[in-house]
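A short write-up of the structure that comes next.
The values are calculated or read from the model by the stated rules, or taken from the named source; none is laboratory data. Since the model is a prediction, treat every value here as computed from it, not as a measurement. Glycine gets a Cβ as well: all are built from the backbone with ideal geometry, and neighbour counts include every protein chain shown.
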């Protein structure tokens, strides 16, 4: 008996050591795309090509142990071969100028503006660099791989599908389009960092030129600017709560759990002396967020990271999906608005609409993921009235804000407007 326990202990120690070495074995923490139909990037004149055949990344390739520990997720989507158009900034939209770098904790981005009509766009990197998300303890233990590999839970080509679904429920979107941006003179000092990479080319959610369908929109602003306008215009500015409720319920349907204030723009529409702000959702990196494996199952536990909700048929912990953002903007919103918008989405997001949207993907991506994602969307859509009531119940139970809205760290918001937008 004693000998058996010793053997078991040795095996357990070896197993733990193997797992630790496996988790700590990431050689690369960032990688750009792989181009399959062009051998020498430096000697290629990309202006003689219209498209490239690319894989977004091989960084998330896996073996049996890694899949067991960290899940299969969307690894095959990242290595799938996809044909994408080649873009040159000197001819794009009649020629664009680079305004500035942007991006959050994962995404590299360039904001650009059309010289022809002044509309602003963003090039958002498909490949992520989540170094800023790695906590210090993970660096000390050499376990950055766990955080880096978490990007495999994001589908690199989810955003265009979400945009097509959005069209059918009349929710604005940024018209994201995957493209390849080769190195080029127009990039100038940005060439090394941004050249020869994959991006989502999309409209910017702020700017002076209106690209939305809101005909009376005078400008597009971020959430911080919206708060500034509220302090200036007071009761002459309101948000369209029905539009925001519809957008937030749609987030539930597509499993987009990451919806903080910086991921929203607002179209400001003027009618005589009154103004209405309409929400414009941006950044769909976490739509269809898919997790499996031992480590993700721990991280997505409601007692660990409550907002990290996996995309499944059911929403098991709604509390994690309702943010200070919702309290701030949707305080005192009637249940009728919630159930009415849920009914609208159910009526217009039909099975045929879902199928058509997923057909955006090529045959390989469609065969890999379409059926599973469609089933989850349909299951959530069919429960949406009940989900909307639960959203409303939890929202009403949350206290008004006592600190500046996360993602909009304005310190000059007066005490009353700090609590909610229309307090």
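For the range 67-94, filtering for residues that are within 17 Å of residue 296 (Cβ to Cβ) and surrounded by fewer than 20 Cβ atoms within 10 Å (Cβ to Cβ) leaves 5. Of the residues that sit in the range 196-211 and are assigned to a strand (DSSP E or B) and closer than 21 Å to residue 115 by Cβ, which one is farthest from the chain's Cα centre (by Cα)? The qualifying residue farthest from the chain's Cα centre (by Cα) is 207. Considering each residue of the range 290-305 in turn, none proves to be buried (at least 16 other Cβ atoms within 10 Å of the Cβ), under 28 Å from residue 423 (Cβ atoms) and in contact with a helix residue (DSSP H, G or I) (Cβ under 9 Å, 6 or more places away or on another chain). Of the residues making up the range 230-241, none is touching a helix residue (DSSP H, G or I) at 6+ places or on another chain (Cβ under 9 Å) and closer than 19 Å to residue 120 by Cβ. In the range 349-370, the residue that is surrounded by the most Cβ atoms within 10 Å (Cβ to Cβ) out of those that are in contact with a helix residue (DSSP H, G or I) (Cβ under 9 Å, 6 or more places away or on another chain) and over 20 Å from residue 159 (Cβ atoms) is 350.
Of the residues that sit in the range 52-66 and are under 21 Å from residue 158 (Cβ atoms) and over 23 Å from the mean Cα position of the chain (by Cα), which one is surrounded by the most Cβ atoms within 10 Å (Cβ to Cβ)?
52
Can you tell me which residue in the range 306-331 is modelled with the lowest pLDDT, limited to those that are out of contact with any helix residue (DSSP H, G or I) (no Cβ under 9 Å at 6 or more places or on another chain) and assigned to a loop (DSSP other than H, G, I, E, B)? Only one residue tops the list, namely 316.
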